[in-house]
Each structure stands twice: as structure tokens, then as C-alpha cells.
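**Student:** First, the structure itself, so that you have it in front of you.
Taken together, the values in this text are just the output of simple stated rules run on the coordinates, not laboratory data. Being a predicted model, the structure only gives us computed values, none of them experimental. Backbone-built Cβ (ideal geometry, glycine too); neighbour counts: all protein chains shown.
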């Protein structure tokens, strides 16, 4: 009998395919394997929220609410989990409190049990309405630490924030390492600090982009982590997560034994292996999303965004002097977009002809959402090139 069995949150129905194939797994592709997944004793199955809502509407011609109701019907023994962007709900801008309250109410009424709530800026003011509403509806509230690296983000900062989330009503804490930045010993120290600070369970959510997740997760478990996010192996690794089966096998016979049945997991694995082959063959999964890219330790792109930034199908090479990533001066988006001949999609992302702009040797990628600053990367001339674009946008020069 394991002294401290690790609980597993399975993410193959949401974050795994959001990270590898831009959230394009359909309900028809999921449904056949759900009865087999329901036989596995997961802590929870993450299957809704995040980018699934707008992907259903914009790309898959599905009703996201009907998807949730089907998942609830087909997974009667599982706790269904969603990702919720705090005051932004499942969108890309803040919404009114009453909208947040109603959305949480309907999410729970249609089948959600666990609501993972995060704010990219770790600002509790952007979480308070969502947490209060989820508590009112009786959902398990998992408050998130959006993990990042900076001079001000240290273990003391994260522990204080986790304590704030606990006091606000969180039932567990998630270390949301969306870019795969956690290193093994950093993870150990952070989890240990959190366990000393809060009295609620700690979950580790770490993407595999930099190739560190398995090592970091194991050290986090040794430090006292309670729950681990994993993905079935065919849709794991790369910008996704640690394989579920690998974690289960690694902990078998130890004090941390998950108790999950590897034979039943293999039934589920075989199904997703066929889907993986299809996704690779039709170009929905790019090889770039499957490998390790240690550069993420520098550019810090979340795994869930990466697959949206990599064009599927044919690849293009540009002779670029400059790339700008994310334009979004509040109130000036249209000017910035017009200046470079790009438009915005309904989601607020750059919409160009394969990232080309109207300015020679300049391309655009990423978001143009409100609130973000213009980030300029000089590919050839560094700061001088970036400064030139800044002067152009200020109206001082012609590019």
C-alpha cells in the first residue's frame, strides 16, 4: 500500500491536443474511447475550457456546451475539469462580473466538477469573482500560480500568492508551468515551500517543451506534490506533457504508487496512437511541436500557444530582417495593423498571408491582443533595427 499515492489529472482531451494540434480534436474523435477512459481511477479528466470553446465554434462547427454534456454522459465516474481564465472566462479580454458568475454557474450545471482558474499576471483581483462563483456552485476550485522567470518571481513570491489563493477559497493549488520552465531542483524547492505555506493539495502542470518535465515532476513528487498533470503517451512530450503511462510505471511499487492500471491505460493508448498517426499524416501535428526545444527557456512560449504559431502543412522560409511578435497598444491596434498590412482574426491573432506583411523583409506572428506591448525582435541588426521600428511607429521616420 502506497503511503502517499500520487493523483493523476489526465489532459489528453484538452491541453494535450491544444498544445500539439491547435485544439482540433473533435468530439467524434474523442467519443469512442470515453467508456474505456471512464474505467481509470483518475483524480480528474481535463476536457473543457481553455481554447476548446472558441475552437469548437470557429473551426470544428461544434457546440461547446453540447460537447460538455456528452463528456458528462460518457464519463459518469470521472471528475470533469476545465481551464478558466479568471475574469477573461474563456475569452481574451475581461468580462463583467455577472457574465463570469453566469458562465461558472452554467459550466457546473452542465457537468464541470473542477475549475482550474488562473490569471496570467497572477493578479488575485482578476480571480476573485470566478473563485467566489465556483465556491458558490460547489465546484472544486484549483487556484493557479502562473509560473514564470523574472527578477521578482521567486519562491517567496509564489508562496505568498498561493496563500492568498487559499484564503480566497481555493481547494488546491496548481503550479501552472505552461512554458516548461521548471528545472528539477527549482521544482523541488518550490513545492517544498508551498507545502510549508498552504494546507491544501499541490498540483504540478509542466509542459515538456524544454525536455525537463519528467525530471522536475519526480523531484516535485519527492518534495510533497499531490497531483500531477499527464497526457496519454501518443499525445505527450514536445509542447505537451509527461506521458501518463510513464509516470504510472515509474511510481509503481513505491510510496507514491498511483494505483492506475497500466493494462487499461494501454487500451486507451492504442486508440490515441491511431489518432496521432492520422494527425501527423494530415499535417495537423507539426514535427516542430513533437521535439524538445530548449530555447523555450529563453523565449518562454507556452505549450498551448505553440501549435497556433506553427503553420501546418507546407513550411515557409523568409529572408527577414525583422519580426514583430504581439502588437497591442491599447486603442491603437488598428493603426499598428494597418501600418504593416495585417488584420486581426476574431480571436485577436495576427491574420496574414503566411505571416507576410506589406513591409519588405518584415513578418508578423503571435497575438495582437489589447494590453500587450509591442515586442520587436531584430533578427539581423538587433537593437538598432528594433529602434528603427519604434521610430516608425511613432511617426518620426519611414521604414
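**Student:** Using r as the Cβ-Cβ distance of residue 99 and residue 183, and R0 as 35 Å, what FRET efficiency do you calculate, to the nearest 0.05? Write down the numbers at each step before the final one.
**Tutor:** Values: r = 39 Å, r/R0 = 1.11.
That gives a FRET efficiency of 0.35.
**Student:** Would you mind calculating the gained length between residue 255 and residue 164 on full extension (0.36 nm times residue separation, minus the Cα-Cα distance), in nm to one decimal?
**Tutor:** Working: separation 91, 0.36 × 91 = 32.76 nm, distance 3.07 nm.
Taking 0.36 nm per residue and subtracting the Cα distance, the gain is 29.7 nm.
**Student:** Just need the relative contact order of the stretch 77-176 here, percent rounded to a whole number, with Cα pairs under 8 Å and 6+ apart. It would help to have the intermediate numbers written out before the result.
**Tutor:** Numbers: 159 pairs, mean separation 26.9, N = 100.
The value is 27 percent.
**Student:** Output the peptides 66-76, 113-123 sorted from most to least packed, where packing is the average of other Cβ atoms within 10 Å over each peptide's residues. Walk me through the numbers before you get to the answer.
**Tutor:** Numbers: 66-76: 16.8, 113-123: 20.4.
Descending mean neighbour count gives 113-123, 66-76.
**Student:** A further question on this structure: For each of 11, 198, count neighbouring Cβ atoms within 10 Å of the residue's Cβ, then give the residues from fewest to most. Walk me through the numbers before you get to the answer.
**Tutor:** Numbers: 11 29, 198 20.
If I rank by nearby Cβ atoms, fewest first, I get 198, 11.
**Student:** Sticking with the crude label model, points 7 Å out along Cα→Cβ, report the distance from residue 262 to residue 61 in nm, one decimal please.
**Tutor:** Spacing of the two 7 Å Cα→Cβ label points: 4.3 nm.
**Student:** Let me ask something else about it. Report the full-extension gain for the segment residue 39 to residue 69: residue separation times 0.36 nm, less the Cα-Cα distance, to one decimal in nm.
**Tutor:** Details: separation 30, 0.36 × 30 = 10.80 nm, distance 1.88 nm.
That pair, residue 39 and residue 69, stretches by 8.9 nm at full extension.
**Student:** Kindly work out what percent of the DSSP beta bridges joining two residues of the stretch 115-176 are antiparallel, to the nearest 5. Please report the intermediate quantities before stating the final value.
**Tutor:** Numbers: 1 of 9 bridges.
In the stretch 115-176, approximately 10 percent of DSSP beta bridges are antiparallel ones.
**Student:** Among DSSP beta bridges whose residues both lie in the stretch 99-208, state the antiparallel percentage, nearest 5. Show your work: numbers first, answer last.
**Tutor:** Numbers: 1 of 15 bridges.
The answer is about 5 percent antiparallel.
**Student:** Please work out how much length the chain gains when fully extended from residue 280 to residue 156, using 0.36 nm per residue of separation minus the C-alpha to C-alpha distance, in nm with one decimal. Provide the component values of the computation, followed by the final result.
**Tutor:** Details: separation 124, 0.36 × 124 = 44.64 nm, distance 4.26 nm.
Difference between extended and current length: 40.4 nm.
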